[in-house]
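Below: one structure, written as structure tokens.
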Amino acid sequence: MSEEKEETLFHVLPIYDEPEKRRDIPESPDASSQPEYHAWSQLGEMCGPPEQPLGSPRQHGPAYQQMTCASPQQQAPQALDGSELPATWLSKAESEDAAFGFSPPPGAEFDDVVVRQRAPHKSWKVGRLRHGKKVYAVAISGSTHHVYTCGHGYIRVWDESALHAWDQAPQAQLNFQDRDSCVFTCKLFPDERSLITGGLSQSLTLWDLVPTPRVRAQLASTGSVCYSLALSSNAQICVASFKGFVEIWDLQNQILIRKHEVPIYGSRCVDITGNKFWTGGEDTKLYSWDLRSYQRLQQHDLRHEILSITHDPSEEWLLVGLRMSDIVIVHTHRKEKFKAVLQKYAYHHNLKFASCGSFLVATMNETIRCIAAPSLHKLFQVEESAHILCCDISSDNQYVVTGSKNSASVYQLLY
């Protein structure tokens, strides 16, 4: 078995909670693109042959930490300008001003999609969807702005008019045959015409959403509780995590390809990037696996329990949310790892990247943070009255939806 265990050394840099100087910067596309351009330019020099660009995260707390080995000279960080939140490449000492982010392909210019992609500057809470029970999983379509709130006994479907209301009835309610079933996880397909759900049930459920929601297929599981689902970018492969194993499904043919054993306490979360899938959980270790040979490729000891795993749109970067609110950022190909340290206990930690790659949303307990990528400053922060159990961003980057104890909150993003 091919396996690589990676040791961790922590290199601390300060993180500024508020971009104080940013208030003096004119709000214009050219001005806002300056930090990204500078950061990516430095990254191109530092990291050798650059790869496909896209957004990246940052968090508020005492420090970003590099988790790769560094020389004593490299471990002497310099003071950073507080106008940006400096998560940086720490493999080079001169990287203190570079955002940890993504560099352009060789010879490529910074095009409008990458450099001038706008990020929201605040949000407006426009509605509440009264699910009636805990919302453990939520999905929102960018094309129709339909929202799917999932929990115990049923899924509720909300049309766009409900997003701007506070007490509107759902468009439909999809009741489970087994009333004891509960959805803990759901994934909307890239074409937004299908949904897959898993949870406390003997099967994964494939839903057709168009023209009206209905069950397409029940995929009989070998486990009783599915904790997490991951879809390949073409939606042909689904990986479902259970206690001590994952199931790898061919969704096109509705065939179980393999039941694959993983560490029993390392299977709460799962994600797919390219030809790899990733798992993590209570044992604090992040594992990567080959989707073709099923060999374990890497093992990263992250020191705290893993609560969520997601990736950026380029699938080059993996984001891992930890129990202590830390966010670990791992390159999916290179040996580069970073850590934003908050040291605040989190009961719930969700991460979601926007499809445009210019920002991400991190929810921790009652707090929603929207973080720019790759400049890594905090765009805005919102407090809710109850713990946030799940979140999603519409594919058109217009709405954020969060699920909590008996309802879902809808936020419109303002640019």
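The values are calculated or read from the model by the stated rules, or taken from the named source; none is laboratory data. What you see is a predicted model, and the numbers here were worked out from it, not measured in a lab. Note: ideal-geometry Cβ built from the backbone for every residue, glycine included; neighbour counts use all protein chains shown. For the accessible areas, the whole protein counts, side chains as well, though only heavy atoms, and no ligand, DNA or RNA atoms are used. Shrake-Rupley method; radii C 1.70, N 1.55, O 1.52, S 1.80 Å.
Annotations for the structure displayed:
- Boolean, L188 is at pLDDT 95 or above, within 21 Å of D271 (Cα to Cα), surrounded by fewer than 21 Cβ atoms within 10 Å (Cβ to Cβ) and of a type in the set (A, V, I, L, M): no
- Candidate set from the range 270-317 (those that are of a type in the set (S, T, N, Q) and open to solvent by less than 10 Å² (accessible area, probe 1.4 Å)); member that is nearest to V361 (Cα to Cα): T273
- Of the criteria (1) crowded, with 20+ Cβ neighbours inside 10 Å; (2) in a strand (DSSP E or B), which one R128 fails: (1)
- Qualifying residue in the range 390-406 (condition: of a type in the set (A, V, I, L, M, F, W, C) and not in a strand (DSSP E or B)): no
- Remark: Y265 falls outside the filter, which requires a residue to be touching a Lys or Arg at 6+ places or on another chain (Cβ under 7 Å) and among the hydroxyl-bearing types (S, T, Y).
- Any hit, the range 241-256, residues being small (G, A, S), open to solvent by 10 Å² or more (accessible area, probe 1.4 Å), modelled with pLDDT of 95 or more and outside any strand (DSSP E or B): yes
- Summed over the range 365-415, the residues that are farther than 16 Å from V138 by Cα, of a type outside the set (K, R) and under 14 Å from the mean Cα position of the chain (by Cα) give a count of 4.
- Residue match in the range 391-406 (condition: open to solvent by less than 10 Å² (accessible area, probe 1.4 Å), closer than 21 Å to Q117 by Cβ, of a type in the set (S, T, Y) and touching a residue at least 24 places away in the same chain (Cβ under 8 Å)): yes
- Listed here are the strands (runs of 3 or more DSSP E) enclosed by the range 318-378 that have at least 1 residues being surrounded by 24 or more Cβ atoms within 10 Å (Cβ to Cβ) and of a type in the set (S, T, N, Q): 359-364.
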